[in-house]
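Single-structure report; data block below.
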Amino acid sequence: MVSKQYPRLGETVFHEILENGLHIYVDRRRDFQKSYAFFATNYGGMDMRFFQDGRWKDTPAGVAHFLEHKMFDTKDGNALQDLAANGASPNAFTSSAITGYYFESTEKFFDNLKILLSFVSVPYFTQESVDKEQGIIGQEIRMVEDDPENQVFYALMECLYDHHPIRVPIAGTQESISHITAGTLYSCHKAFYNPANMVLTVAGDVDPEQVCAIAKEILPKDSLGQMERDYGGEEAPNTAASEKELTMEVSTPIFMLGFKCDPAGRGEEWMRRELAGELACEALLGNSTPLYAKLYSQGLINKNFSYGFEMYPGCAMMVAGGESRDPQKVRDAVLAEGERLAREGIDAGLFQRLKKGVYGAKVRGLNSFEYTCISMAQSHFTGVDYFKFPEIFDAIDQACVEDCIRSWVTAQRCGLAVVRPGEGEA
Amino acid sequence: MELQPGVWLTAVQTKKFKSSVLGAQFLAPLTAQSAAVNALTPMVLRRGTAKHPDLESLSAALDELYGGSLEPMVRKKGETQCVGFVGSFLDDAYTLNKEQVLEPAAALLSELIGAPYTRDGAFCPDYTRQEKANLIDRIKAQVNDKRQYAQIRVVAEMCAGEPFGVDKLGSMEAVEAITPQTLWEGYQTLLNQARVELYYCGSADPERVQAAFHPLLTVLPAGKRAGLVRPAKKKAPKTPRRVEEALDVTQGKLAMGFRTNCDAWDEHYPALMLVNAIYGGTTTSKLFMNVREKLSLCYYASSGLMNDKDVMLVSSGVEFDKVGQAEGEILSQLYKCQAGDFSDDELEWARRSVVSTLRTTLDTQSRMEDYWLSQSAAGLTEGPDDMAARVEAVTRAQVVEAAQDLTLDTVYFLKGRE
């Protein structure tokens, strides 16, 4: 393995590429009792159309999430229980871009790692268990459809995007999952759960060489490689619709405001865009900005107000949301503040403080093994070394953040989704 | 380490973390008269200082310190109420341009404690009023969480007349009665008389930490400060007390309080920790496996030891008509522990869980801070590693002996309205 030191972060990371194409990263944390392992595939809710066996394949919405549910089944039972019996806390999640499986444990780390690598790489589905899961996931989908926070997010995605699959709910719909069969699962597992399309990240006081040895022993020897996917072509810079409204049983209107940003290429450009986007959000909407103070004192937002910058392959966005008696007023105030910042620039003292605050939060994030491992994995998939963030962050200046605000925070790129109180629409 | 009479510092030097944690707590005897005032004090102090008079300017000061935090805290450790602040900052080792964060962070902490924003020689009426409302909301929220509420109620009933029966936030009526003036007086009592526990965990060496806390020492008047008290042990009544209450709930909440005849000061406390883990402290415990999983009598059933006090609580969610059956089964599982009727596997699972919880305390700064505050409030100095080693050494016979000391004191049942 190759070890690399990051003096600014005080970390040493061991990296290896196995012959089957799997990348392994071990962030060795001396003196810790717990260890954490994260095994992920570059396959999420938005990967529905891909090139396999010489042709383009279309799959129903919700397959990645469905697979995540079914992977824990093994020929001999259930991997969750095996890990729990070893004192590990395992779990998994599916996002729009990736699916990840993980556990944290203080004892028997290598036994647990074997279980993790084995159940994720060996599929075991029967039509019967798939049928049963359809019911369980169907319930989950119904629950999510009753959740206003979730509905307002997807309404916003429909405003911002014309066709990008970020618009499609990760779990799919009742209808879409009814088309999923054991065959679909096997074929998608084969396409995306091949080692070259995956990554293993570990944090803890564990021997990196042994991690590698176990991965070599358990995982398949060969690999299909990276899968080519289709997200329906480049999106236009402007939004598909400026506003969407739903009614549901909520006590106050909830809203989500979004700005469609330019997507970034892979590698360092990706990370630079991500950090600049975060700073732009802070400068526009952060707790210590004049806009926040004004909206808060006018009672247009409350403590539930939150914001962030999100990036996926082929799309990027600034989003902000919460409860408000008048979401349109919030939007107008944000647009006006964006115009002001584009015209007058960001207060230099504020910018310096925000930059320190964001940097501090990034570094402190590394206290969490979960955050560290997920960040390493996501960065790997976007083609950049996560631990390079301090150098890339240094180089982002005020003008660069002002440019982001100038080009993104405009009426043409703005979408607003609102859930108003009232009888729910079926 | 005692820095001046009644002012103590615990400094943990480690390079494991990216953050350093700073804390300052006042340790006061828990009483019904002072609990509410003490609980409100850090919340009002956090609103502003003479130099940073509002939340905006405090936020800006914290942003300047790499987005650090300084949170008001109220905790109950045995019969001691601990109020103050815990802050988390980027560790100096990781700042841009090698800036030092520890010293300005400690200075900001001493500003919050020593130079509050005042009006006419007392706390600002606006801040007092708003934070009173927030505190009352928090007390009300305890009623909303019925599981927590049942536990607070069983402790209040079981320990009526003991300081432990007082809630850490005080009562709603006591909060209502607070004025900027009475709050100011309570704050002076803390400043002058309460024992002070300072805490640091990060990369700096103890000398530097001590120097960084110097500004804080200058705002703490010299003089005699209160000592620590070990709570008195009590015996359960011959017949357990029974209390029932009715509220608008769809699921009944059963909370049972036991006397343990053992607290953190006792040599055999590790054996009691194992009893709790075998009985109801983990997902492999008897209550979880039998009462919840096998018999499906409850939605949840678990046990827990109180910090530094001879009390164990069992809490459970049950259908109204199954409460008698559930209570019987909860007790019968205890009798099994007392009779030594648990397998070696059960004992080992429990031991692994307790040991792992203690050891991983060292992996999380917030848990470590809380652990050391508990120890400090009891005047104990044993670290999590040493305690884990003692847990490893506990024998089956010692576990059974500790279990036999458990006696049921009070049963509280929260039922639905007719």
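Readers should treat all values here as calculations from the given coordinates under stated rules, not as data from a laboratory. This one's a predicted model, so the numbers in the text were calculated from it and none came from an experiment. Neighbour counts are summed over all protein chains in view; Cβ atoms, including those assigned to glycine, are modelled from backbone coordinates with ideal geometry.
Of the residues A:93, A:415, A:163, the one whose Cα sits farthest towards the positive end of the charge dipole of chain A is A:415 (charges of +1 on Lys and Arg Cβ, -1 on Asp and Glu Cβ, taken about the Cα centre). Near residue B:261: Cβ cut-off under 12 Å, other residues only, Lys/Arg at +1 and Asp/Glu at -1. The net charge is -1. Each listed q (0.06, 0.09 Å⁻¹) maps to a log10 I(q)/I(0) for chain A from the Debye sum over equal C-alpha point scatterers, namely -0.27, -0.62.
With K and R counted +1 and D and E -1, the other residues having a Cβ less than 14 Å from that of residue A:67 yield a net charge of -2.
Within the same chain, lysines fewer than 8 places from residue A:216 are excluded, and of the rest, those with a Cα less than 16 Å from its Cα are A:114.
For chain B, calculate the relative contact order in percent as a whole number, restricting contacts to Cα pairs under 8 Å that are 6 or more residues apart.
Values: 769 pairs, mean separation 93.5, N = 418.
Contact order relative to length: 22 percent.
Can you tell me the 0 to 90 degree angle between the C-alpha axis of helix B:384-393 and the longest principal axis of chain B, rounded to 10? That works out to roughly 20 degrees.
Only helices reaching 30 angstrom along their own axis (Cα) with mean Kyte-Doolittle hydropathy no lower than -0.5 count here, and not one DSSP H run of chain A does. Report, by chain and number, residues whose modeled amide H sits under 5 Å from the one on residue B:73, excluding near sequence neighbours (fewer than 5 apart, same chain). Here B:84, B:85, B:86 satisfy the definition. Would you look at the GNM of chain A, springs on alpha carbons closer than 10 Å, and say which of A:406, A:229, A:30 moves the most? Sorting by GNM fluctuation, first place goes to A:30.
Backbone geometry of the range B:138-152 corresponds, through the Karplus equation with coefficients 6.51, -1.76 and 1.60 at θ = phi - 60°, to 3J(HN,Hα) couplings of 5, 5, 5, 4, 5, 6, 5, 8, 5, 5, 5, 4, 4, 5, 4 Hz, x marking Gly and Pro. A cut-off under 13 angstrom between Cβ atoms defines the neighbours of residue A:416, and their net charge, with Lys, Arg +1 and Asp, Glu -1, is +1. Near residue A:70, which aspartates and glutamates are there with a Cα under 16 Å away, not counting those fewer than 8 places off in the same chain? Result set, ordered by chain and number: A:82, A:128, A:131, A:133, A:140.
Within straight-line reach of residue A:362, meaning a Cα separation under 23 Å, sit the following lysines at least 8 residues removed in sequence or on another chain: A:4, A:34, A:303, A:388, B:15, B:16, B:18, B:98.
Cα axis of helix B:323-338 to longest principal axis of chain B: angle in degrees, 0 to 90, nearest 10? Around 90 degrees separate the two axes.
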